[in-house]
Ligand SMILES: Nc1ncnc2c1ncn2[C@@H]1O[C@H](COP(=O)(O)OP(=O)(O)O)[C@@H](O)[C@H]1O
Ligand SMILES: [Mg+2]
């Protein structure tokens, strides 16, 4: 692949020339509340009057339709990839919520889980040109390249975390994987592979060194590139949500994760809020109805209101 092609692909991945904003919701683990967050954030935005499309990218475990209270859509992303559906916008299905449509992921893991780069770029560019204000992606669990790439290419990447050691560990693993994948892209974009190798070799005697140390070393070797690299890394700013909180200690976990990531990776994360542990969540899931529509007086309404305002950067 030549450089101009690479730059073009990077621009597609990094969201330049996009009509709508793409927000991706991820997290290292299953069952942490990604679908809950995606569905109800989408509903909040739609109720505020924005045109929203929710895309189920939990490939193989798609259940967003249930979270939004509709049956399995007939046409899914698999049909588009296998060329059974040629028009991307034919995948859109209206939900009972005004302004909110859904694009369903695949019901079968095959094909989609092994999405080729070419397909991924095509889907991204189609998503970016949908007639919508916001496109929300519900990502699957894990750190496959597909998931990482959709997360990286979004305008905002939201991480849902439970205040439990396993979820926190998985979050760090996810951030680390995204960071490395992003660094790889920046390397190609800035063409600084030799410089990175030089910096890595120079630090060979310090096994405890962090990505922050690496960037520092690169800046010493080449201040101009160091600055560019810092600027590119600075664009990576995950938004974190702690779900199922029961006390202040749970809330504070968000701040600890924020400071660890600053120290280790040198990245600034936005702690956009938390969600109470509340029985209305599983009750709405059992009823196959969206939480916010079924329980408009739930505590989570205020939680979501705050989170969405933060994500929209309205204070
Ligand atoms: N804030 C919460 N309070 C109570 N139960 C919750 C909450 N968030 C999630 N759950 C429970 O966890 C389950 C998994 O949530 P889900 O959004 O499907 O996770 P994911 O998409 O990450 O796999 C829900 O069905 C619900 O029973
Ligand atoms: Mg899910």
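The values are calculated or read from the model by the stated rules, or taken from the named source; none is laboratory data. Values in this document were obtained by computation on a predicted structure and should not be read as measured data. Virtual Cβ from ideal backbone geometry, glycine too; neighbours counted across all protein chains shown.
Among the candidates 283, 244, single out the residue that is touching a helix residue (DSSP H, G or I) at 6+ places or on another chain (Cβ under 9 Å) and within 16 Å of ligand 2 (Cβ to nearest atom). Explain how you work it out, then say what you get.
On the way: 283 fails: within 16 Å of ligand 2 (Cβ to nearest atom).
Criteria check complete, one pass: 244.
Residue-by-condition table, conditions (1) surrounded by fewer than 16 Cβ atoms within 10 Å (Cβ to Cβ); (2) modelled with pLDDT of 90 or more; (3) more than 15 Å from ligand 2 (Cβ to nearest atom):
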position: 59; (1), (2), (3): no, no, no
position: 78; (1), (2), (3): no, no, yes
position: 88; (1), (2), (3): no, yes, yes
position: 94; (1), (2), (3): yes, yes, yes
position: 97; (1), (2), (3): no, yes, yes
position: 101; (1), (2), (3): no, yes, yes
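What is the one condition in (1) more than 16 Å from ligand 2 (Cβ to nearest atom); (2) surrounded by 18 or more Cβ atoms within 10 Å (Cβ to Cβ) that residue 137 does not satisfy?
Of everything listed in (1) more than 16 Å from ligand 2 (Cβ to nearest atom); (2) surrounded by 18 or more Cβ atoms within 10 Å (Cβ to Cβ), residue 137 misses just condition (1).
Considering only residues that are closer than 17 Å to residue 42 by Cα and either assigned to a loop (DSSP other than H, G, I, E, B) or touching a residue at least 40 places away in the same chain (Cβ under 8 Å) (or both), which ones fall in region 76-100?
Residues satisfying the conditions are 92, 95, 96, 97, 98, 99, 100.
Among what's in region 140-160 and is within 13 Å of residue 59 (Cβ to Cβ) and not in a helix (DSSP H, G or I), pick the residue that is farthest from ligand 2 (Cβ to nearest atom).
144
For residue 173, only one of the following conditions fails: (1) closer than 23 Å to residue 46 by Cβ; (2) assigned to a helix (DSSP H, G or I); (3) within 19 Å of the chain's Cα centre (by Cα); (4) within 16 Å of ligand 1 (Cβ to nearest atom). What is its number?
(1)
Identify all residues within region 286-311 that are assigned to a loop (DSSP other than H, G, I, E, B), surrounded by fewer than 17 Cβ atoms within 10 Å (Cβ to Cβ) and more than 16 Å from ligand 2 (Cβ to nearest atom); write none if there are none.
Within region 286-311, 296, 297 meet the criteria.
Let me spell it out: the conditions are (1) surrounded by 15 or more Cβ atoms within 10 Å (Cβ to Cβ); (2) within 30 Å of residue 219 (Cα to Cα); (3) without any contact (Cβ under 8 Å) to a residue 12 or more places away in the chain, and residue 262 meets all of them except one. Which number is the exception?
(1)
Can you tell me which residue is nearest to residue 142 (Cα to Cα) among those in region 61-76 that are within 16 Å of ligand 2 (Cβ to nearest atom) and surrounded by fewer than 19 Cβ atoms within 10 Å (Cβ to Cβ)?
61
What's the number of the condition residue 66 fails, among (1) part of a helix (DSSP H, G or I); (2) within 16 Å of ligand 1 (Cβ to nearest atom); (3) in contact with a strand residue (DSSP E or B) (Cβ under 9 Å, 6 or more places away or on another chain)?
Every condition holds for residue 66 apart from (3).
From the set of residues in region 161-170 that are in contact with a helix residue (DSSP H, G or I) (Cβ under 9 Å, 6 or more places away or on another chain) and within 16 Å of ligand 2 (Cβ to nearest atom), which is farthest from residue 247 (Cα to Cα)?
The selected residue is 161.
Considering only residues that are farther than 19 Å from residue 123 by Cβ, more than 16 Å from ligand 2 (Cβ to nearest atom) and in contact with a helix residue (DSSP H, G or I) (Cβ under 7 Å, 6 or more places away or on another chain), which ones fall in region 28-57?
44, 45
Going by the structure shown, is residue 252 assigned to a helix (DSSP H, G or I), under 23 Å from the mean Cα position of the chain (by Cα) and over 22 Å from residue 153 (Cβ atoms)?
yes
Show the residue pairs meeting these rules: Cβ distance below 6 Å; 6+ apart or different chains; first residue within region 186-208 and surrounded by 12 or more Cβ atoms within 10 Å (Cβ to Cβ); second residue assigned to a loop (DSSP other than H, G, I, E, B) and modelled with pLDDT under 80.
Correct list of pairs: 203/209.
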